[in-house]
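Note sheet for the following structure.
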Amino acid sequence: MSSSLFEALFGSKARARLLRLFLLNPEAEFTGSDIVTKTLVPKAEVSKELLRLKKMGFVRESSRRRVKSYQMRPDFPFFPELRSLVLKSNVGVSHKMFQKLRTAGEVKIVLVSGLFLNYPKSKADMILVINNAHRLRLKTAMEKLEAEIGREIRFVLMDTDELHYRLNMLDRFLIEFLEGPYQEVQNRVPELKRFVAGLKK
């Protein structure tokens, strides 16, 4: 299921993003400003959706020093089913989602695992190989991607020089990532393809 289908199913992008945020972070408490920052949904829409979710019994509201915070209700009847739906919607995400990363520099490799493949054993959700990376643009692109996914993305950033060094040193982290399930969104480094082929022999 694509993220756009998930949004259509729940009526709006704003509602879908709030649902994702709470379902994928059920133990976390978020203030209204936290939710605006993490979902990139305007404050007015966040307030409206929070009121609706509160009435449904989906979230509970608490207040500390006059600051309201919201948390997923663990006893919400359809929590397991909705969480499963969100996890499935993140699996096999379209390559279009990752086009945001193009603004961050010369993108050579994008590999995804973890959250994107519903594989919690992975130590990273994404490996990025970007030459001349623009840190601020990358931060902005990742924030947009995280707003769509609903959870913080654990990623490793390197350039091609570091990648070649890690390959030559048989870097344990890299090998473990490549031996586990992962999806290749982009790969413009032939050396990595040969390295992966060698691991499979």
Go through (1) surrounded by fewer than 18 Cβ atoms within 10 Å (Cβ to Cβ); (2) part of a helix (DSSP H, G or I); (3) within 18 Å of the chain's Cα centre (by Cα) and name the single condition Glu148 misses. (1)
Could you check, for the stretch 121-138, whether at least one of its residues is free of Cβ contacts under 8 Å to residues at least 60 places away in the same chain, surrounded by 13 or more Cβ atoms within 10 Å (Cβ to Cβ) and assigned to a helix (DSSP H, G or I)? yes
Those residues that are among the polar types (S, T, N, Q) and loosely packed, with under 10 Cβ neighbours inside 10 Å, I need them from the stretch 44-83; list them, please. Ser63
Restricting attention to strands (runs of 3 or more DSSP E) lying wholly within the stretch 27-119, give those where 2 or more residues are closer than 30 Å to Leu174 by Cβ and touching a strand residue (DSSP E or B) at 6+ places or on another chain (Cβ under 9 Å). 106-112
Restricting attention to the stretch 38-64, which residues are free of Cβ contacts under 8 Å to residues at least 60 places away in the same chain and polar (S, T, N, Q)? Ser47, Ser62, Ser63
Those residues of the stretch 137-174 which are in contact with an Asp or Glu (Cβ under 8 Å, 6 or more places away or on another chain), of a type outside the set (A, V, I, L, M, F, W, C) and under 16 Å from Val110 (Cα atoms) amount to Glu146, Arg154, His164
I need a count of the residues in the stretch 41-57 that are among the hydrophobic types (A, V, I, L, M, F, W, C), at pLDDT 95 or above and more than 12 Å from Arg15 (Cα to Cα). 1
When residues of the stretch 60-75 are limited to those that are over 14 Å from Ser33 (Cβ atoms) and under 26 Å from the mean Cα position of the chain (by Cα), the one modelled with the lowest pLDDT: Pro74
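The values are calculated or read from the model by the stated rules, or taken from the named source; none is laboratory data. This is a predicted model, so every value here is computed, not measured. Because the Cβ atoms are built from the backbone with ideal geometry, glycine has one as well, and the counts that use them run over all protein chains shown.
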